[in-house]
1. Report the residue, chosen from P40, P91, P65, that carries the largest GNM mean-square fluctuation when the chain is represented by alpha-carbon nodes joined by springs under 10 Å.
2. What net charge do the residues around F73 carry, taking every other residue with its C-beta under 10 Å from that of F73, with Lys and Arg at +1 and Asp and Glu at -1?
3. Using a Gaussian network model of the chain whose springs link C-alpha atoms within less than 10 Å, name the residue from L186, L46, L139 with the highest mean-square fluctuation.
4. Excluding residues on the same chain fewer than 8 positions from K234, give the aspartates and glutamates whose Cα lies under 12 Å from its Cα.
5. With a 10 Å Cβ neighbour count serving as the proxy for reagent exposure, in which order, fewest first, do I97, I43 appear?
6. Mind grabbing the base-10 log of I(q)/I(0) for region 198-240 at q = 0.22 Å⁻¹? Debye formula, identical points on the C-alpha positions, no solvent, two decimal places.
7. Which of N153, I236, L167 sits closest to the plus end of the dipole of the chain, meaning its Cα is farthest towards the positive end, when Lys and Arg get +1 and Asp and Glu get -1 on the C-beta?
8. Taking a temperature of 4 °C and a viscosity of 1.567 mPa s, what whole-number D in µm²/s does Stokes-Einstein yield for region 44-136 with Rh from Kirkwood over alpha carbon pairs?
Amino acid sequence: MKNKIYTIIAFCTFLVAVSSCKPADYYYGDYLKNGEIYYPGRIDSLTLIPGNKRAILRFQMTTDPKVKLLKVFLRNSLSAKQTIIPFDVAPNSYGKIREINLDQLEEATYSVDVRSYSGKDSSQSVNTNQYIYGERYNLTLINRTFSSFDKTNSALHKATFNSESNLPREGTFFPMQYTEVVYQKLNGEMMTVKITPYETKANLQDIVSPSTIKYRTVYKPLVQSIDFFYTPYKEISYTK
């Protein structure tokens, strides 16, 4: 009787041992088979630098050598349409600053998403947005106001402009950059003189009399803007 009991216990122990002897990766074998999820390296420090209906997309390339392609997803506030622009990754560009020119843009706010690709694998998106300037911005610009010709010094007449109000401390960014004054010299040469918003007089060395001077004021909407914007020229008659 005891032998039968021992036999039954031994048999049950064997069944338990067999049923528990599964491979070490039994419970996570599928996870190991699929491997860790791989996301291609993302770009860094993305900025959209605005200009006159154009921009520069600037960023630092990923250091992931598997990335062979970038895609720029571009849309603006005037349309729901999205433009996709692919760019190949040069072998020597990893980790470096890259700039991409974007031309023929609308005057609108642009949203940009950039993804890196390694085969079919895509990185997480890196995005930014920026207003792109154009004619509407240009129409808001105001030319400086001409005051008079300063003829105190008979050898050097000057064009005088009204002082600008609410100027920041010099060295601080101010959208008004300078005013260009164009006049004709005695030798027939056309001369351009530039004065800053902090100056009120432009020297007219050797100006022809009688003649016409013209002037315009130059702006940048942002310190990093890649383009200047100009008011129309205004003409003033000059005589000694």
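What follows is calculated from the coordinates using simple rules that are stated; it is not laboratory data. Worth saying up front: this structure is predicted, and the values here are computed from it rather than measured. Please note: Cβ atoms are built from the backbone with ideal geometry, for glycine as well, and neighbour counts cover all protein chains shown.
1. Taking springs between Cα atoms under 10 Å, the residue moving most is P91.
2. The answer is +2.
3. Result for the chain, Cα springs under 10 Å: L186 fluctuates most.
4. E180
5. I97, I43
6. -0.86
7. Going by the Cα projections, it comes out as L167.
8. Estimated via Stokes-Einstein, D reaches 95 µm²/s.
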